[in-house]
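Student: This is the structure, below, for whatever I ask next.
The values are calculated or read from the model by the stated rules, or taken from the named source; none is laboratory data. Since this is a predicted model, take the numbers as computed values, not measurements. Counting neighbours? That spans all protein chains shown, and the Cβs are built from the backbone with ideal geometry, glycine included.
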């Protein structure tokens, strides 16, 4: 049953915490998704489990077909090996787009083909940007397969975390600067500017 | 809401810009409902839905993503004429000001063309700098200067923004003679820290107390001069602030033809590591915990541990700056006005800091979705439509000399696998992006490091390769010692392809390539040539590839070809070195042109045909070695010999007259006159205007001929006739 897959792609689940992906029942690449348990978010995964179970229970059947193709990585979607250049990615994307575009898909499978097309487009967007691609490759190697939109949401959260880290860091750097400036013009400092400053301050004190 | 708290005089625009809402003065008292309804009435025809917010007009167009061809409403920016008018604003108003400034920059650049992406990346930084510091007393320097559009808007030049990069208009870079807020003229990169240090030391010597801030980008950091300056700054320890504007775009334009380009050089990865220091932060937290536990009496030891931990977690990049003697602060979100103002304020208020480096992370093209998505981040654009982002590129019959050069080089590299190309962060500007796409392993981008590029090419030549160094004529000035000492002295066969030779139009004197003939032709071993049209360019690339025993160079201008037939397969035929050609046979007067000035000579001779004069027009092709036979024959069979070139004194004309003198040809009856660029810098403007100012248009040449022949009346006629 699908309930056991903890893929973060189940629609409706807003998950901040990275959890595992398990091997899907239709096992394409068994070594691709090893079980990884992140150390710092044990309580988080409980929350996610609850959410996922709710979501999975309600929408399992509807998303069964969709989930199948979602297990493919971006590289599989485009039908290319992992080590390809930008030009080849572009070519592969164009091929896939021509094949799966709603306008040219066979009428009985429009739904499925449109979904596929959207996913192909996501794949291309990620892989064509070297920065995003690097992040994706890193996640893939760690066994996490996230859909683009989930990554974007996650990226924003990550960005926010990063920014607040930066803020902490430069705040401490500023206080350090203030501390250092106390000793800057002490007698021991013989740099040119320190001498000039002492002279300037000495003069203004005389005045 | 603080919007109603303005108490300073209002700015009424005297601009000639159209836009219905500009016709009525905007006064600060009307903020609130009255103005809101006034605006919404005026702007109905622009189909804007103004949000009914209780605090008045919402002007943050970039949030809604609407861009339109009329000037966007900027109520807060309209009240700012100079930075002093910003001092009473709250942080919230500063953010609104940043949004309005962004919309204004997009609108202005869409009308005039120019550098968009870089200006958009520093909007918040500009606002924060002018808010915290007191220009012009406090010196704010901008490296390269192409990101100063928001700075110019905030410092009294908003009404002239529509003249940006045009004749008699604003310069596209900072210029001391333009405004007292532009402390230092820039255009070439990596000079701001050096100049800033000079200003800081000058201030110290004079006993003054102002601040000095130098803003430099991560691209400009790849140049050696930045390190020379930082090294010296660390040693002198003078108070100054260096702001490193890091947007991960190191080469220009910031893309190859196939997509965004990863930054060049090892420094960029160091800077990236600085930005993403997560694992090390955890170590710091641990260290903090340990020091807390140690407690009171051990606080000295704890401070030491803290500093040690800090040194560890700072990463190797900041250690580089620390080792050079600059105190490193960052990374900082460059689009957050709060953070920027807080940091700058703190640093400003610290009594003695020594040199401080603030690492600010920005995004090029930020705030304009089309720029953010574009591979080159809209670094340099022509006029465009703000709503769609589409540039209005004029369609020309021919391509640019740059493209022809790239195609010629590709054709040479197809047959000879030793041909390699080197450029200094100008893949798009030199056309070598095309070469890169065809031969990915034979094209080298060294970052903004022309000196290194030349000596690197010399090293390649030592190993038997055929390096083509494509560097703009004016940027070659940086690498002159390397050309003389490393290439020419040792007679290494490095080929220099100097683009943007002569007058360059909108970029102005900072990018003008006036001096390359002079400084290249005086070198003993150098072969110096210049094509008069694009077919000649193909042949000269082939000639340069064939010259394998000495260095050679050729120059070509900015602009498009004239439309001659290209050699088949883009493969030129090597010319005979030191041989020119005669294009038109005539009598009495000979025009000897060098480079694309030959086209002006041909046009002049067409003008004079109608007056019954048939001139001889010759294309010298080579300045070194000169075609002695051609010059002798011209001097002996004509009354007048005029040499024409788009270069300074000391170039082609000087070499010709040197030869004439030594050969005894000046002892006879021939009159020689030179036509060169005048002895002053020609300001930016359209190429036609610049040429007219320089006195090198076909009319000028024709008038010179008349004057020498004594027909001064006809000379005046030609000059006053405006075709």
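Student: Out of B:468, B:475, B:456, B:519, I need the residue that is within 26 Å of the chain's Cα centre (by Cα) and part of a strand (DSSP E or B). Which one?
Tutor: Numbers: B:475 fails: part of a strand (DSSP E or B); B:456 fails: part of a strand (DSSP E or B); B:519 fails: part of a strand (DSSP E or B).
Exactly one residue qualifies, and that residue is B:468.
Student: For residues that are surrounded by 15 or more Cβ atoms within 10 Å (Cβ to Cβ) and at the interface with another protein chain (Cβ under 7 Å from one of its Cβ atoms), tally how many sit in the range A:181-196. Break it down stepwise before answering.
Tutor: Narrowing the range A:181-196 to residues surrounded by 15 or more Cβ atoms within 10 Å (Cβ to Cβ): A:181, A:184-185, A:189, A:191, A:193-194, A:196.
Now narrow it down to the ones that are at the interface with another protein chain (Cβ under 7 Å from one of its Cβ atoms): A:181, A:184-185, A:191, A:193-194, A:196.
Residues in the range A:181-196 being surrounded by 15 or more Cβ atoms within 10 Å (Cβ to Cβ) and at the interface with another protein chain (Cβ under 7 Å from one of its Cβ atoms): 7 in total.
Student: Restricting to the range B:199-224, and then to whatever is in a helix (DSSP H, G or I) and farther than 21 Å from residue B:148 by Cα, can you tell me which residue is farthest from the other protein chains (Cβ to nearest Cβ)? Reasoning before the result, please.
Tutor: Applying the first criterion (in a helix (DSSP H, G or I)) to the range B:199-224 yields B:199-206, B:220-222, B:224.
Add one more test, that the residue is farther than 21 Å from residue B:148 by Cα, and what stays is B:200-206, B:224.
Details: B:200: 8, B:201: 8, B:202: 11, B:203: 10, B:204: 4, B:205: 7, B:206: 10, B:224: 23 Å.
Among those that are in a helix (DSSP H, G or I) and farther than 21 Å from residue B:148 by Cα, it is B:224.
Student: Give just the number: which of (1) more than 26 Å from residue B:685 (Cβ to Cβ); (2) surrounded by 19 or more Cβ atoms within 10 Å (Cβ to Cβ); (3) in contact with a strand residue (DSSP E or B) (Cβ under 8 Å, 6 or more places away or on another chain) does residue B:451 not satisfy?
Tutor: Failing condition for residue B:451: (3).
Student: Return yes when residue B:207 is at pLDDT below 95 and touching a strand residue (DSSP E or B) at 6+ places or on another chain (Cβ under 8 Å) and no when it is not.
Tutor: Values: at pLDDT below 95: yes; touching a strand residue (DSSP E or B) at 6+ places or on another chain (Cβ under 8 Å): no.
No; evaluated as a whole, the condition is false for this residue.
Student: Does the range B:385-408 contain any residue that is surrounded by 21 or more Cβ atoms within 10 Å (Cβ to Cβ) and modelled with pLDDT under 95?
Tutor: Yes, there is a match, as at least one residue in the range B:385-408 is surrounded by 21 or more Cβ atoms within 10 Å (Cβ to Cβ) and modelled with pLDDT under 95.
Student: Moving on. Are any residues in the range B:696-723 in a loop (DSSP other than H, G, I, E, B) and surrounded by fewer than 17 Cβ atoms within 10 Å (Cβ to Cβ), and if so, which ones? Step through it out loud before you land on a result.
Tutor: Taking the range B:696-723 as the starting set, the residues that turn out to be in a loop (DSSP other than H, G, I, E, B) are B:696-697, B:710-711, B:721-723.
Matches in the range B:696-723: B:710, B:711, B:721, B:722, B:723.
Student: Looking only at the range A:188-205, decide whether some residue is assigned to a helix (DSSP H, G or I), closer than 30 Å to residue B:337 by Cβ and at pLDDT 80 or above.
Tutor: Within the range A:188-205, the subset assigned to a helix (DSSP H, G or I) is A:192-205.
Okay, now just the ones that are also closer than 30 Å to residue B:337 by Cβ, so none.
Within the range A:188-205, none of the residues are assigned to a helix (DSSP H, G or I), closer than 30 Å to residue B:337 by Cβ and at pLDDT 80 or above.
Student: With respect to residue B:194, is the statement that it is more than 10 Å from chain A (Cβ to nearest Cβ) and crowded, with 24+ Cβ neighbours inside 10 Å true? Spell out how you get there, then give the answer.
Tutor: Details: more than 10 Å from chain A (Cβ to nearest Cβ): yes; crowded, with 24+ Cβ neighbours inside 10 Å: no.
Against the criterion (more than 10 Å from chain A (Cβ to nearest Cβ) and crowded, with 24+ Cβ neighbours inside 10 Å), residue B:194 does not qualify.
Student: Also: Provide a single number: the residues in the range B:640-664 that are more than 19 Å from residue B:516 (Cβ to Cβ) and in contact (Cβ under 8 Å) with a residue 24 or more places away in the chain.
Tutor: 6
Student: Check the range B:344-362 and report whether any residue there is closer than 29 Å to residue B:138 by Cα, away from every other protein chain (no Cβ under 11 Å) and within 24 Å of the chain's Cα centre (by Cα).
Tutor: Going residue by residue through the range B:344-362, those that are closer than 29 Å to residue B:138 by Cα are B:344-362.
From what is left, the residues that are away from every other protein chain (no Cβ under 11 Å) are B:348, B:362.
Okay, now just the ones that are also within 24 Å of the chain's Cα centre (by Cα), so B:362.
The answer is yes, given that some residue of the range B:344-362 is closer than 29 Å to residue B:138 by Cα, away from every other protein chain (no Cβ under 11 Å) and within 24 Å of the chain's Cα centre (by Cα).
Student: So, one more: Residues of the range B:118-139 being surrounded by fewer than 24 Cβ atoms within 10 Å (Cβ to Cβ) and touching a strand residue (DSSP E or B) at 6+ places or on another chain (Cβ under 8 Å), which ones?
Tutor: B:133, B:138, B:139
Student: Which residues, taken from the range B:140-166, are surrounded by fewer than 23 Cβ atoms within 10 Å (Cβ to Cβ), in contact with a helix residue (DSSP H, G or I) (Cβ under 6 Å, 6 or more places away or on another chain) and outside any helix (DSSP H, G or I)?
Tutor: Across the range B:140-166, the qualifying residues are B:164, B:165.
Student: Can you pull out every residue in the range B:585-618 that is more than 35 Å from the chain's Cα centre (by Cα), closer than 26 Å to residue B:559 by Cβ and not in a strand (DSSP E or B)?
Tutor: Residues satisfying the conditions are B:605, B:606, B:607, B:608, B:609, B:615.
Student: Assess whether residue A:159 counts as being more than 19 Å from residue B:357 (Cβ to Cβ), surrounded by 11 or more Cβ atoms within 10 Å (Cβ to Cβ) and within 7 Å of another protein chain (Cβ to nearest Cβ). I'd like the intermediate steps shown before the answer.
Tutor: Working: more than 19 Å from residue B:357 (Cβ to Cβ): yes; surrounded by 11 or more Cβ atoms within 10 Å (Cβ to Cβ): yes; within 7 Å of another protein chain (Cβ to nearest Cβ): no.
No: the conditions fail for residue A:159.
Student: So, one more: Can you tell me which residues in the range B:348-365 are over 13 Å from residue B:326 (Cα atoms) and in contact with a strand residue (DSSP E or B) (Cβ under 7 Å, 6 or more places away or on another chain)?
Tutor: Correct list: B:360, B:361, B:362.
Student: Using the structure shown, decide if residue B:569 is free of Cβ contacts under 8 Å to residues at least 12 places away in the same chain, on the phi > 0 side of the Ramachandran plot and surrounded by fewer than 16 Cβ atoms within 10 Å (Cβ to Cβ). Let's see the steps before the verdict.
Tutor: On the way: free of Cβ contacts under 8 Å to residues at least 12 places away in the same chain: no; on the phi > 0 side of the Ramachandran plot: yes; surrounded by fewer than 16 Cβ atoms within 10 Å (Cβ to Cβ): yes.
Considered against the rule, which asks whether it is free of Cβ contacts under 8 Å to residues at least 12 places away in the same chain, on the phi > 0 side of the Ramachandran plot and surrounded by fewer than 16 Cβ atoms within 10 Å (Cβ to Cβ), residue B:569 comes out as no.
Student: Mind checking whether some residue in the range A:93-104 is buried (at least 17 other Cβ atoms within 10 Å of the Cβ), within 14 Å of chain B (Cβ to nearest Cβ) and at pLDDT 50 or above?
Tutor: yes
Student: Moving to a separate point now. Only one of these conditions is not met by residue A:82: (1) farther than 26 Å from residue B:437 by Cα; (2) at pLDDT below 80; (3) within 22 Å of the chain's Cα centre (by Cα). Which number is it?
Tutor: It is condition (1) that residue A:82 fails.
Student: Filter the range B:196-230 down to the residues that are under 18 Å from the mean Cα position of the chain (by Cα) and within 30 Å of residue A:201 (Cα to Cα) and list them by number.
Tutor: B:214, B:215
Yes or no, residue by residue, for (1) crowded, with 21+ Cβ neighbours inside 10 Å; (2) in contact with a helix residue (DSSP H, G or I) (Cβ under 9 Å, 6 or more places away or on another chain):
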| residue | (1), (2) |
| --- | --- |
| B:168 | no, yes |
| B:177 | no, no |
| B:182 | yes, yes |
| B:186 | yes, yes |
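Student: Pick out the one residue from A:141, A:175 that is surrounded by fewer than 16 Cβ atoms within 10 Å (Cβ to Cβ) and modelled with pLDDT under 80.
Tutor: On the way: A:175 fails: modelled with pLDDT under 80.
After applying the criteria, what remains is A:141.
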